[in-house]
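Every number here is computed from the coordinates shown, using simple stated rules; none is lab data. Note that this is a predicted model, so its numbers are computed, not measured. Here the Cβ positions follow ideal geometry from the backbone for every residue, glycine too, while neighbour counts run over all protein chains shown.
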Amino acid sequence: MSEQPVSTAEMVAAWPLPPRAYLADSVRRALLATIEATDEQGYGELPPEALADLAIGPLLIMLGRLEVDLADARTRIEELERALTER
């Protein structure tokens, strides 16, 4: 049986992200940096429930980017389909 993460930082670092998920990885790295800074400043370990407060902003930004990219891709697909039918 695999060992379970014991700290908040280990829990965040263990999140399985797909390859090339650059935005998700940048959010994870920012969370890890915040956890480390909080600990180094003497506040102790950041509780896991505080992660939601820290992550919601960057996650909404990522979701917004994905939404715009998807809309752009749909528009481009429609343009390509029209170009193909005009041939």
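Just going by the charge dipole of the chain, with Lys and Arg at +1 and Asp and Glu at -1 on Cβ, which of Ile35, Ile61, Gln4 is farthest out on the positive end?
Ile61
Please give the helix 50-85 orientation as an angle from the longest Cα principal axis of the chain, in degrees from 0 to 90, rounded to the nearest 10.
The two axes meet at around 10 degrees.
What nm distance separates the two modelled labels at Leu59 and Arg87, each placed 7 Å from Cα along Cα→Cβ?
Calculated label separation equals 4.3 nm.
Sorted by mean Cβ packing within 10 Å, highest first, what order do the peptides 27-36, 78-87, 62-71 take?
Packing order, densest peptide first, comes out as 27-36, 62-71, 78-87.
Using only the alpha carbons, work out the radius of gyration and Dmax of the chain in angstrom.
19.3, 68
Report the gain in length on full extension from Ala30 to Gln4: 0.36 nm times residue separation, minus Cα-Cα distance, nm rounded to one decimal.
7.1 nm
Can you sort Arg74, Arg20 from fewest to most other Cβ atoms within 10 Å of each residue's own Cβ?
Lowest to highest Cβ neighbour count: Arg20, Arg74.
Rounding to the nearest 10 and keeping the result within 0 to 90°, find how far the Cα-based axis of helix 22-40 lies from the longest principal axis of the chain.
20 degrees
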